[in-house]
Structures are given as structure tokens and as C-alpha cells.
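Scroll down for the structure; my scribbles are underneath it.
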Amino acid sequence: MAQKLFEKVGAFGDIHFGEDGNSKEHNELCIKFIKWFIEQCRENDVDLIVFMGDWHHARSSVGSETLKYSYEGTKLLNECGIPVIFIIGNHDLFYRENRSVHSLPWLDSMDNIVVIDDPQVIEDVLFVPWICEGDDLSKIAQMKAKYAFGHFELPGFLMNEKYAFPDKEGILKSEDLTHLEYVFSGHFHGRQKKVMKSGTEIHYIGNPFGHNFNDVDDPNRGMLLLEHGGEPQYINWEEGPLFSKIKLSEYLENPDKYDERYNLKIVQDVDLTDTERNELKETINENYSVKKLIIEPDRTPKVDEETDDTIEELDADSIEKFVIDWLKRNEGNRSDALIDIFLKAEVE
């Protein structure tokens with residue numbers, strides 16, 4: 001039996017410094033979360049920290065102010081007194097097809113942080129960064145360990161609240177990892193798990209806090225806590241932003257429910273003119289402490305009462321799947337950025 005790497009591990013991933021156009025507000029939330037995360041690790045006697053990939057958001061450029069916050073975040077981890085293993089995710093790489101250049105070169109000078117930019121086993125844990133063209137998938141699948149931590153893109157798991165990543169040839173699959181007891185991954189932002197027939201549990205631990213309306217109506221964001229030989233536990237960060245989409249009629253029933261943490265997308269299911277909609281938005285902003293408010297018309301197809309014909313609704317899920325699959329097939333190392341733009345445009 002391989003020696004244990006940890007007694008208790010704390011993990012998080014997909015923090016995405018620089019998201020939303022190098023937003024200062026987002027970067028400050030990242031620092032606030034990291035400080036909270038370190039406090040939780042200390043309180044729970046964690047002896048190993050694992051970052052699960054995607055420290056940065058932009059693959060090809062990171063803003064100067066974002067770099068300042070990014071360096072501060074890694075410095076907090078390096079000086080926390082707990083060993084850190086740092087997995088490189090796809091958003092951290094300049095090239096999608098190889099891991100030769102990543103956006104955190106200063107990590108090499110931080111003596112408390114071990115960077116994982118190639119698949120490897122340390123004691124009883126397999127660590128896997130973003131898998132690129134040329135990686136030997138059969139070799140990765142044969143690496144013996146009890147646990148795996150990685151930045152996987154496994155078919156069947158939800159990419160956002162409604163789109164599951166499709167199965168296809170030539171990629172690593174859940175079935176390739178069933179010799180492990182537990183697999184923990186970053187990459188997909190919603191917390192989710194599957195239990196394989198072998199008993200292997202595969203967990204996507206989710207991002208630390210909601211980033212945009214792709215994270216709608218899902219407050220389960222925070223960190224993973226795992227004691228060696230025990231069951232995974234999750235601790236939610238109660239100070240992170242929340243995203244919710246509701247009908248206007250539902251919101252008006254209980255507007256006090258939504259506090260300053262909420263980004264609200266309210267679907268107008270009540271007839272309002274443009275002027276009335278703007279006046280309502282001003283009233284909500286003046287009297288309630290919502291973080292961000294969007295009111296949009298209801299786009300549900302209407303029935304023509306005279307002909308009793310219903311306008312056929314396009315299958316949005318099919319359109320989304322088609323566009324994302326096409327971008328992945330045809331846009332090479334630009335596909336991640338274009339998919340991100342497409343998904344954001346869909347919800348904004």
C-alpha cells in the first residue's frame with residue numbers, strides 16, 4: 001500500500017482571476033475567498049491544499065491589475081503554512097494543445113507550492129492537469145492510486161445548468177478511472193457527482209462562488225474537505241455572490257428574500273411598457289439591496305387566439321449543443337474563448 005500523502009485535504013478550483021473583463025470586483029472576491037478558504041483549512045486541521053486548475057480566466061492575456069491580485073492570491077497560499085499542490089487548468093495555458101506555456105511562471109519560486117503540469121502520482125494520489133493532444137490516455141488510466149485530483153473534461157457531466165459535455169472518440173472517460181476510489185475534478189463549475197458500477201465516486205467540486213448567470217440558482221459553491229479514508233464534505237462560502245432567474249410575479253410576492261448578494265434576472269410575465277419596466281427597475285434599486293438587476297421581456301411563444309395555432313419554439317438546448325460542438329471542431333485553440341463568449345451572450 002502506497003504511503004498516504006495527506007490526512008486531510010482542502011481543495012478548490014476554477015477561481016478565474018480576471019473574469020468579466022479583468023473586473024476589480026471579481027478579483028477582490030477571489031482574494032476574499034482565498035482568505036476564507038485558508039481559515040477553514042486551519043480550523044479543520046488540513047495538512048494539504050490542492051488547487052484544481054483555472055487560476056486565471058483569459059488564456060492569452062491577463063490584465064496588469066489582475067496580475068497584482070493573482071500574485072497576492074498565490075502569495076497567500078504560499079505563506080499559509082500548509083503545503084499546496086497547484087494543478088494547471090486549460091484557462092491557465094497559452095496553447096490549448098500543449099502545456100509548454102502557462103500564465104503563472106512565478107510559482108516556480110514559491111517553495112510551498114508544487115506545480116502539476118504533467119500527470120503524475122505522488123504517494124497514493126494521482127494528479128492530472130488539463131489533458132492535451134499527445135498525452136497517452138492509456139498510461140494515465142493505468143496509473144495506480146487511491147485518489148485522483150485533476151482538471152478533467154469527462155463526458156456526461158454538466159458544463160452549465162443545462163448542457164452536458166458530449167461523449168466522443170479519443171478523450172478520457174469516467175470508465176477509464178474506475179480503478180480509483182475517488183476522482184475529484186475542476187473545470188465544470190457546478191458541483192456534481194456520479195457513482196460508477198465499480199463504486200468509484202467522481203466529483204466535480206464546483207467553483208468557489210457564482211461567477212455569472214451560468215451559475216444560476218445554485219448556491220452550493222465553496223470548497224472540498226476530505227479526510228483520508230473518509231467521505232467528501234463540502235463547505236459553502238456564505239459571502240459569495242448569488243445568481244437567480246425568476247418571474248416578475250414571483251419576485252413581487254417576496255422581494256425582501258433577495259439581498260445584496262443577489263444578481264437577479266427577472267423575466268417579465270406581466271404586461272409592462274418600456275417606461276413602466278424602467279420605472280420598476282428604478283424602484284427596486286432604490287428600495288431593495290439587490291447587487292445587480294436585469295428585467296427582460298418574457299420570450300415564451302404566444303398562442304394566436306384567432307387561429308389557435310401555437311408558434312413552434314426552437315429547441316434551445318439543441319442549438320446550444322450544435323454551436324459548442326461546431327466551435328470545438330473548427331476553432332482550435334480559440335474554441336474555449338469563443339464558447340465562453342457564446343455562453344455569456346446567451347444569458348446576458
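The values are calculated or read from the model by the stated rules, or taken from the named source; none is laboratory data. Quantities reported herein were computed from a predicted structural model and do not represent experimental measurements. Accessible surface areas use protein heavy atoms only, side chains included; no ligands, DNA or RNA. Shrake-Rupley method; radii C 1.70, N 1.55, O 1.52, S 1.80 Å.
Quick one: order His56, His228 from most to least accessible surface, probe 1.4 Å.
Working: His56 0, His228 40 Å².
Order by accessible area, largest first: His228, His56.
Whenever you get a sec, compute what percent of the accessible area on the range 179-282 sits on carbon and sulfur atoms (1.4 Å probe). All intermediate terms of the calculation are to be shown ahead of the outcome.
Numbers: 2080 of 4860 Å².
Ligands and nucleic acids excluded, carbon and sulfur reach 43 percent.
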- Whole Å is fine, so just give me how far the alpha carbon centre of the range 83-136 lies from that of the range 6-23. 14 Å
- When all protein chains stay in place, what accessible area (Å², nearest 10, 1.4 Å probe) is found for Thr178? 50 Å²
- Message: Report the gain in length on full extension from Ser198 to Asp269: 0.36 nm times residue separation, minus Cα-Cα distance, nm rounded to one decimal.
- Response: 20.8 nm
- Message: For Ile122, what residues show an amide H to amide H distance below 5 Å, using hydrogens built from the backbone and excluding near sequence neighbours?
- Response: Phe127
- DSSP beta bridge pairing in the chain, given as percent antiparallel to the nearest 5: 35 percent
- Over the range 131-249, with neighbouring protein chains present, the accessible area per residue in Å² at probe 1.4 Å is 42 Å²
- Accessible area of Lys173, 1.4 Å probe, to the nearest 10 Å²? 50 Å²
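Per DSSP helix of 4 or more residues, -39500 (n - 2.57); summed, then divided by the residues of the chain. What does that give at 222 nm, rounded to the nearest 500? All intermediate terms of the calculation are to be shown ahead of the outcome.
Values: 8 runs with 93 residues, N = 348.
Dividing the helical sum by the residues of the chain leaves -8000 deg cm²/dmol.
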